[in-house]
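Peer 1: Just dropping this structure here.
Read the figures in this text as sums done on the coordinates, not as results from a lab. If you're wondering where the values come from, they're calculated on a predicted model, not measured in any experiment. With ideal geometry, Cβ positions are generated from the backbone for all residues, glycine too; neighbour counts draw on all protein chains shown.
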Number of protein chains: 2
Amino acid sequence: MTGRGRVASGQPTIADVARHAGVAVSTVSYALSGKRAISEVTRIRVLASIRMLGYHPNAGARALASRRANVIALVLPLRSGIQVPVVMQFATAVVTAARRHDHDVLLLTSDEGPEGLRRIAAGALVDGVLVMDVELHDVRVPLLRELGRPSVLIGLPADSCGLTCVDLDFHRAGQVCVEHLAGLGHRRVALLGAPAAVYDRGTGFAHRTRAGVAEAAARHGVDAVTLPCEENAADVRRRVDELFARHPDVSGLVVQNEAAVGPVQAALAALGRRVPQDVSMVAVCPDQFAEHASPRLTSVPVPAEEIGRQAVTLLMRKLADEPAPEVTLLEPRLTVRDSTATAPDGPAEVTFTEDGGPGAAH
Amino acid sequence: MTGRGRVASGQPTIADVARHAGVAVSTVSYALSGKRAISEVTRIRVLASIRMLGYHPNAGARALASRRANVIALVLPLRSGIQVPVVMQFATAVVTAARRHDHDVLLLTSDEGPEGLRRIAAGALVDGVLVMDVELHDVRVPLLRELGRPSVLIGLPADSCGLTCVDLDFHRAGQVCVEHLAGLGHRRVALLGAPAAVYDRGTGFAHRTRAGVAEAAARHGVDAVTLPCEENAADVRRRVDELFARHPDVSGLVVQNEAAVGPVQAALAALGRRVPQDVSMVAVCPDQFAEHASPRLTSVPVPAEEIGRQAVTLLMRKLADEPAPEVTLLEPRLTVRDSTATAPDGPAEVTFTEDGGPGAAH
DNA sequence: GGACGCTGGCGAAGCGCTTCGACAAACCGT
DNA sequence: ACGGTTTGTCGAAGCGCTTCGCCAGCGTCC
């Protein structure tokens, strides 16, 4: 009769622990959760028994009794045009952060659609939901509102009312890139953005970056042309050729597409335009990537790690019924490296440049 | 008193459904699971009630009562040198396949280590485990054996006894690449492999590919030099320069590293070696990538999609207590494209090549 | 025509945990 | 010395589901 739990599943149960430690089941539970005071001696004894028996609480039972699964769902995009490495960074950051809050992560792919979300949430498999790759008019947004489970979006929909969103401030990122180029005297810049499909489906970050670029350009009296850009070498090549055919005086490039950077460099080389002497280039890409390129790229990284961590923290706050801000936008950080220099027909106001190309106007 | 379940969680419970349909709770359960015969009329009525109330079974309760969580764990690598896009492909394939078997996927990262696995498995959060990126002497292998939960490895450890493993037959893949090159008359080939760290930690696929290359080379009287290769442009450049400095007569290249392909092409171009006229190149990379490169690459893809699907199928089989083969190796498939041609000093036995460069021996 | 097997359905006993109320025992201030 | 807290522990009632045993009604076969 004793040790009954072991018979069925092979795992010791909380009852086994209680028996072994000579206390009540509830005492074990409280010793573990700390929700009521338990004397030092008892707690030690309980913990010792737990270790001896190799006890691990049964997740299902715990979820059922406490109405908390200690699992959050992470909805990842699978679509074309996403930046796989960045998504991966998010995912790992989220998993790591969640573990620090004693939660696990259930992986969902967006292609299961809203029905998947509903199933997961209604079935109480997860306590909360993290959604990546949010579009401006995302179908999942109204669903999340109605679902009644805490959620955090990574990305920024058009209407964030009543939601919690975290993202890099891509608008600002676009501005920062242009400001940097403008400061170096570039008067004509281009944004090589995300693939056309990404704009078409209204993905927030692409639109916001473009808007930021346009706005800053207008403010600084810079001409800006923006064009989408696929991720394969051939299309990049075509785009770049076309760009310089139409606007030969473009001297500053913002590339928002890690996968396109290599091909862009190749295309520029083929056109005989040197970086940074003839063309300055700012990339939106991970620092590590920027460091390893040659020349090292002036870049604005997407702080996936931090966004993921923030998202989890906010979700935990909501799970604890604490208030959370609707929108959290992280300030972009531009690191100057070797791919940008003063414009060929340099600006009057720039006095010196350390690594400036021969085009510096002095 | 009635509708009690709705008070606490807002979700209807099975009791609500039973009441609404005018049947017993167990009848609803059986109607849903099909584990006992239920008359057509009753089942229809139950399903109608379910739909009306928007009922979703509570996952925790179900897991507790049935001892089945309907969740599998996926352990993803996070380490350096992994091919992020490929990992992502695996992950999505696994999620999709798992859903088809009515299971969800819990995401674990290897950096939680064995303790994470133990926690998950012992706590019955998951029914089974899928482990990626297995090393030849992986610490997790003994753990998996002792864990007492079904598991499937993606990869192949040195000792697969008592386990279930799925992978591409990388040994064969190495052979196939060399055989293709040898058939085109190349007498001296090189393998640009994974980063050194990957070999150092004994990752199966890297070692097996290398062995396959060496073996096939010996068998066909071809000289083969193999060298590791980091993923940044600078290192690739150095490796390639060095390679051709030491072995100027290398005319066939096997590149097992998607990220290195671009830089390798650049390096070859810089050395004035044309692909495929001077140097033939076979890549181990996704078909899509090979298609978009220029020239289009002769390649052996890693069929992540299929491996993931197989892995899930095998795991489901084990969950159902059916026997599963210890080792499943998928036959590699080489697709000839435009990056390989007959060797510059062409072989006598080759008669014609459609896209062969000027080096064809005729 | 009565013993027999099927089919379809019911009720209740858990699954392993959390949580709540109850309650001794120790600790106060006065 | 005595009511009143506080502290530490126990027991029991679920959480929402699955599953097992049981039984009522049928047709079926000597």
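Peer 1: If you take the charge dipole of the protein assembly as shown about its Cα centre, with +1 on Lys and Arg Cβ and -1 on Asp and Glu Cβ, which of B:PRO150, B:MET281, A:ALA24 is farthest toward its positive end?
Peer 2: The residue sitting farthest along the positive end of the dipole is A:ALA24.
Peer 1: Moving to a separate point now. Please report B:PHE244, B:PHE205 as a ranked list, fewest other C-beta atoms within 10 angstrom at the top and most at the bottom.
Peer 2: B:PHE244, B:PHE205
Peer 1: Using a label position 7 Å from Cα in the Cα→Cβ direction, what is the ascending list of nm distances from B:ASP241 to the same site in the other copies?
Peer 2: Once sorted, the set of distances for B:ASP241 reads 3.0 nm.
Peer 1: Below 8 Å, C-alpha to C-alpha, sequence gap of six or more: please give me the relative contact order for chain B in percent.
Peer 2: About 16 percent, as a whole number.
Peer 1: Taking +1 at the Cβ of each Lys and Arg and -1 at the Cβ of each Asp and Glu, which of A:ILE72, A:VAL141, A:VAL213 sits farthest along the dipole of chain A towards its positive end, judged by Cα position relative to the Cα centre?
Peer 2: Highest projection toward the positive end goes to A:ILE72.
Peer 1: Compute the normalised compactness of chain B: alpha-carbon radius of gyration over 2.2 N^0.38 Å, N being the residue count.
Peer 2: Details: Rg = 26.5 Å, N = 362, 2.2 N^0.38 = 20.6 Å.
This ratio for chain B stands at 1.29.
Peer 1: OK, next. Regarding the range B:170-299, what are the three Cα extents along the principal axes, ordered largest first, in Å?
Peer 2: 33, 32, 31
Peer 1: For chain B, what is the charge dipole size about the Cα centre, in debye to the nearest 20, if Lys and Arg each add +1 at the Cβ and Asp and Glu each add -1 at the Cβ?
Peer 2: Computed charge dipole of chain B: roughly 1960 debye.
Peer 1: For the range B:4-57, what does the relative contact order come out to in percent, with C-alpha contacts under 8 Å and a separation of six or more?
Peer 2: 39 percent
Peer 1: Another question about this same structure. Please work out the C-alpha center-to-center distance from the range B:114-178 to the range A:216-257 and express it in whole Å.
Peer 2: The range B:114-178 and the range A:216-257 have Cα centres separated by 47 Å.
Peer 1: Moving on to the next point. Run through the other copies and list how far each one's label point is from that of B:VAL327, in nm with one decimal, shortest first; the point sits 7 Å from Cα along Cα-Cβ.
Peer 2: 5.8
Peer 1: Separate question: How far is A:ALA211 from the same spot in each other copy, in nm, shortest first, if each label point sits 7 Å from Cα toward Cβ?
Peer 2: So the distances to the same position in the other copies read 5.7 nm.
Peer 1: Mind giving me the FRET efficiency for B:THR335 and A:GLN288? R0 is 41 Å, r the Cβ-Cβ distance, nearest 0.05 is fine.
Peer 2: Once rounded, the FRET efficiency stands at 0.85.
Peer 1: Right, next: Which helices, taking whole DSSP H runs in chain B, have alpha carbons extending 15 angstrom or more along the helix axis plus mean Kyte-Doolittle at least 0.0?
Peer 2: On the way: long enough: B:40-53 (20 Å, 0.73); B:84-100 (24 Å, 1.02); B:170-183 (19 Å, 0.17); B:204-219 (22 Å, -0.24); B:233-246 (20 Å, -0.58); B:258-270 (19 Å, 1.08); B:304-319 (22 Å, 0.07).
Span-like helices here: B:40-53, B:84-100, B:170-183, B:258-270, B:304-319.
Peer 1: List the lysines whose Cα sits under 24 Å from the Cα of B:LYS35, skipping any in the same chain fewer than 8 residues away.
Peer 2: B:LYS318
Peer 1: Using a simple spin-label model with points 7 Å from Cα along the Cα→Cβ vector, what separation in nm is obtained for B:ALA234 and B:ALA218?
Peer 2: Once both label points are built, they end up 3.8 nm from each other.
Peer 1: Taking every Cα atom in the range A:166-210, find the radius of gyration and the maximum pairwise distance Dmax, and write them in Å.
Peer 2: In Å, with Rg to one decimal and Dmax whole: 11.8, 35.
Peer 1: Rank the residues A:PHE170, A:PHE90, B:PHE289 as a footprinting-exposure proxy: fewest other Cβ atoms within 10 Å of their Cβ go first.
Peer 2: In increasing order of surrounding Cβ atoms, one gets B:PHE289, A:PHE90, A:PHE170.
Peer 1: Considering only B:VAL225, B:VAL94, B:VAL75, give the residue with the highest GNM mean-square fluctuation for chain B, with springs between Cα atoms whenever their separation is below 10 Å.
Peer 2: B:VAL225
Peer 1: Now a separate question. Grab the DSSP H runs of chain A that are 4 residues or longer, score each as -39,500 (n - 2.57), total them, divide by all residues and round the 222 nm result to the nearest 500 deg cm²/dmol.
Peer 2: Value at 222 nm, helices only: -13500 deg cm²/dmol.
Peer 1: Next question, about the same structure. Over all alpha-carbon pairs of the protein assembly as shown, lay out the pair-distance distribution in 20 Å bins, whole %, shortest bin first.
Peer 2: The percentages, shortest bin first, are 15, 42, 32, 10, 0.
Peer 1: Here's another thing I want to ask about it. When the chain is fully extended, how far beyond the present Cα-Cα distance does B:ARG36 get from B:TYR199, taking 0.36 nm per residue of separation?
Peer 2: The B:ARG36-B:TYR199 span can extend by a further 53.3 nm.
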